[in-house]
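Peer 1: Take a look at the following structure, please.
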Amino acid sequence: MKKVLIISYYWPPSGGAGVQRWLKFVKYLRDFNWEPVLYIPDNPEYPEQDLSLEKDVPEGLSILRHPIWEPYDVYKKVMGRKKEEKINAAFLSEKKQNRFLENIPVWIRGNLFIPDARKFWINPSVRFLLKYLKTNSVDAIVSTGPPHSMHLIAWKITRQLNIPWLADFRDPWTNIDFYKDLKLTPSADKEHRRLERMILKDASAVTVISNTMADDFNRILPRVYDVITNGFDSDDILLAPEAIMDKKFSIAHIGTLVSTRNPEALWTALQSLITIHPGLASDLEIKLIGKTDHTVTESLDSHKLTPYVNRIPYLPHDKVVMAQRQSQVLLLIINNTPNARMILTGKFFEYLAAKRPILCIGPLDGDAAEILKQTHSGLISDHGDVATVKRNILDFYSRYKNGTLSSESKNIEAYSRKSLTEHLSTILNRITSTNY
């Protein structure tokens, strides 16, 4: 069995989206003759913790840990925050902040911490892993980002040891939706782009999560990009207890609801529909499971929808799976940003596995729209298209009242985590073959 060293920032007990992809790959890699070895930080700053994910860690897995220094304690002191307070990802602010004070650490993060705030872990990790690899050989190295500092660790090691290396991008680098908010100087922007091109050029293989992301990277640096989408784990459904459906007409969003996902068209449509259809007003429940940006809270207030909101700040993943299956409708919001066409979240594929109808708001020509169409899993409308949102809600609501609201979720087997891991193994086999 071949060995692969996987360099990742996120690992259980980390919760949230960043941990799922490689936790599930690691779970199934042994089925395809690859033995994973994990390298992770010893004391990371995780926004959430989820102990339920630890059940997916394979028995006997070799995990290497090394201390990391991150500048978040300094940030908390400057911002007057408590030491135990967690730092949200993706510019999410649950409370309105002093914009001037917030802009200072954003500028520092974008211009001084290149590629990200984990940069201080790069050189210590290289030293640690070079020493480890002297007596413990591996056949391949994987780095997964963001944070993109993981790729720089792998790059420095492979430059010295010439080990085949796969760079996995769960999100874009310079085309991520908040890149424009980092307040970059021209020189900092140039450095981010230089490092991005260097990783794309020098990795033995690059994996991305959608076809449009592959096209986007190909414009930055032409080469072969392997697409492995996010997915769902069949075990999460098979091992879960039977779901009891919500009695209310629940529209559930599960995950972080940042300002760029604030679905103004949905709030406008619901405000209008509950005045026209009294039955909907008595049946409606808006379930928001996960952290919610203050702009979303303000929008709900302004549309007089707060009385219909059931807010659940965080659930462990096993409870998330149950909530997905219990909800009448699952709300999928693609960020209203220039890179929206390429966004395929892990949540989307778990929605497919839950087999509940999906109400999607996002670009009609995006990767999510295409999969939604192929799988017959739900209805989509673009951001700002209030009329179509209304039609889609009424379609679901009428089926809910008739007791026929369900989802086909056809042809979703290719998105199972085990199938996706098999695809990953073929890429690892390719880059480690003698003919490559």
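The values are calculated or read from the model by the stated rules, or taken from the named source; none is laboratory data. The structure displayed is predicted, hence computed values, not measured ones. Quick reminder, even Gly has a Cβ in these numbers, built from the backbone with ideal geometry, and neighbours come from all protein chains shown. Remember, those area values only see protein heavy atoms, side chains included, never the ligands or the DNA or RNA. Shrake-Rupley method; radii C 1.70, N 1.55, O 1.52, S 1.80 Å.
Peer 1: Round to the nearest 0.05 the FRET efficiency obtained for Asn43 and His294 when R0 = 41 Å and r is the Cβ-Cβ distance. Please list the in-between numbers first.
Peer 2: Numbers: r = 30 Å, r/R0 = 0.73.
That gives a FRET efficiency of 0.85.
Peer 1: Sticking with this structure for a sec: Among rounded, prolate and oblate, which fits segment 293-415 when a ≥ b ≥ c are the square roots of the eigenvalues of its C-alpha gyration tensor, a/c under 1.5 means rounded, and a/b larger than b/c means prolate? Before the final figure, lay out the partial values.
Peer 2: Details: a/c = 1.25, a/b = 1.15, b/c = 1.09.
Rounded, since a/c falls under 1.5.
Peer 1: What value, in deg cm²/dmol to 500, does the helix sum -39500 (n - 2.57) over DSSP H runs of n ≥ 4 give at 222 nm once divided by the residues of the chain?
Peer 2: -12500 deg cm²/dmol
Peer 1: Here is the link list: Lys3/Lys27; Lys248/Lys287; Lys319/Lys390; Lys134/Lys156. Which ones come out longer than 18 Å on Cα distance? Numbers along the way, then the final one.
Peer 2: Details: Lys3/Lys27 14 Å; Lys248/Lys287 11 Å; Lys319/Lys390 30 Å; Lys134/Lys156 15 Å.
As for pairs spanning more than 18 Å Cα to Cα, those are Lys319/Lys390.
Peer 1: Could I ask something else about it? For Val106 and Arg430 in the same chain, what is the full-extension length gain: residue separation times 0.36 nm, less their Cα-Cα distance, in nm? Display every interim value, and only then the final one.
Peer 2: Working: separation 324, 0.36 × 324 = 116.64 nm, distance 4.03 nm.
Taking Val106 through Arg430 to full extension adds about 112.6 nm, to one decimal.
Peer 1: Moving on. Subtract the Cα-Cα distance of Ser187 and Ala387 from 0.36 nm times their separation in residues, and report this length gain in nm to one decimal. Intermediate results must be reported in sequence, preceding the final value.
Peer 2: On the way: separation 200, 0.36 × 200 = 72.00 nm, distance 4.48 nm.
Roughly 67.5 nm would be gained on extension.
Peer 1: Can you tell me how segment 217-279 classifies by the Cα gyration tensor, rounded, prolate or oblate, using a/c under 1.5 as the rounded cut?
Peer 2: The shape class here is oblate.
Peer 1: Ordered by residue, what ³J(HN,Hα) values in Hz, to whole numbers, does segment 145-150 give under the Karplus form 6.51 cos²θ - 1.76 cosθ + 1.60, where θ = phi - 60° and Gly and Pro are x?
Peer 2: Once rounded to whole Hz, the list reads x, x, x, 6, 4, 4.
Peer 1: Can you compute the FRET efficiency between Glu285 and Lys180 using 1/(1 + (r/R0)^6), with r the Cβ-Cβ distance and R0 = 45 Å? Round to the nearest 0.05.
Peer 2: Working: r = 35 Å, r/R0 = 0.79.
Computed FRET efficiency for Glu285 and Lys180: 0.80.
Peer 1: Using a Förster radius of 22 Å, what is the FRET efficiency between His277 and Thr404 based on their Cβ-Cβ separation? Nearest 0.05, please. Show your work: numbers first, answer last.
Peer 2: Numbers: r = 18 Å, r/R0 = 0.82.
My answer for the efficiency is 0.75.
Peer 1: Could you do me a favour and compute the accessible area per residue for the chain, 1.4 Å probe, result in Å²? Intermediate values should be presented prior to the final figure.
Peer 2: On the way: 19190 Å² over 436 residues.
Value for the chain: 44 Å² per residue.
Peer 1: Another question, if that's okay. Which value in nm describes the separation of the simple spin-label points at Arg127 and Thr306, placed 7 Å from the Cα toward the beta carbon?
Peer 2: Output for this residue pair reads 5.3 nm.
Peer 1: Quickly work out the Met198-to-Ala240 label distance, labels modelled 7 Å from Cα along the C-beta direction, and quote it in nm with one decimal.
Peer 2: 4.3
Peer 1: With every protein chain left in place and a probe of 1.4 Å, what is the accessible surface of Lys291, to the nearest 10 Å²?
Peer 2: The value for Lys291 is about 40 Å².
Peer 1: Which distance in nm do the two modelled labels at Leu161 and His423 give, with both placed 7 Å along the Cα-to-Cβ direction?
Peer 2: Those two pseudo-labels are separated by 2.8 nm.
Peer 1: Taking H placed 1.01 Å from N in the peptide plane, check which residues at least 5 places from Val309 or on another chain put their amide H under 5 Å from its amide H.
Peer 2: Close amide H contacts, sequence-distant or interchain: Ile286.
Peer 1: Could you please state how large a percent of the accessible area of segment 217-263 is carbon and sulfur, counting protein chains only and using a 1.4 Å probe?
Peer 2: Numbers: 1310 of 2240 Å².
So the carbon and sulfur contribution to the accessible surface is 59 percent.
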